[in-house]
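Below is one structure, written out as structure tokens; the observations come after it.
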Amino acid sequence: MSREAGQQAEERAAAYLLAQGLKLEARNFQTRYGELDIVMRDGQTWVCVEVKARRRSTHGLASEFVTASKCRKLQTCFEQYLLARGLNPNHTSMRLDVVALDNQNLQWIKNIAG
């Protein structure tokens, strides 16, 4: 998938989550451990959103590409994000979500690491 297509997928995911009442905090946050696609707030809970998109499902669904290893990496990046904002990850309500886009179908999977 091209960078442009990835950006479009992130735009669509962010718009969907905003419509669900979440508040956008950051996009494409870079750490030395990797990148967070979207960071949002759901009430008092900080939410890291990984966006996965596939044009075709011939090689699997988008959600299937978020592995346990990827979840660990996201968790580390998310903790770095929170620390950079003066928040202690051990005392901050947080969760990891996935927005999976398969062609035109959008699926929001909450709390993938919990």
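FYI, it's all coordinate maths here, none of it is from the lab. Since this is a predicted model, take the numbers as computed values, not measurements. We place every Cβ from the backbone using ideal geometry, glycine too, and count neighbours over all the protein chains shown.
Remark: I38, I112 ranked as I112, I38, counting other beta-carbon atoms within 10 Å and listing the fewest first. From the alpha carbon centroid of segment 32-46 to that of segment 68-114 is 6 Å.
The long axis of helix 3-19 is offset from the longest Cα principal axis of the chain by roughly 60 degrees.
Build a GNM of the chain with springs between Cα atoms under 10 Å: which of V98, V47, V66 gets the top mean-square fluctuation? Result: V66 has the largest fluctuation of those listed. Spin-label pair R32-R12: with each label point 7 Å from Cα along the Cα-Cβ axis, the two points sit 3.6 nm from one another.
For the chain, the longest principal axis of the C-alpha atoms and the axis of helix 68-84 are separated by about 40°.
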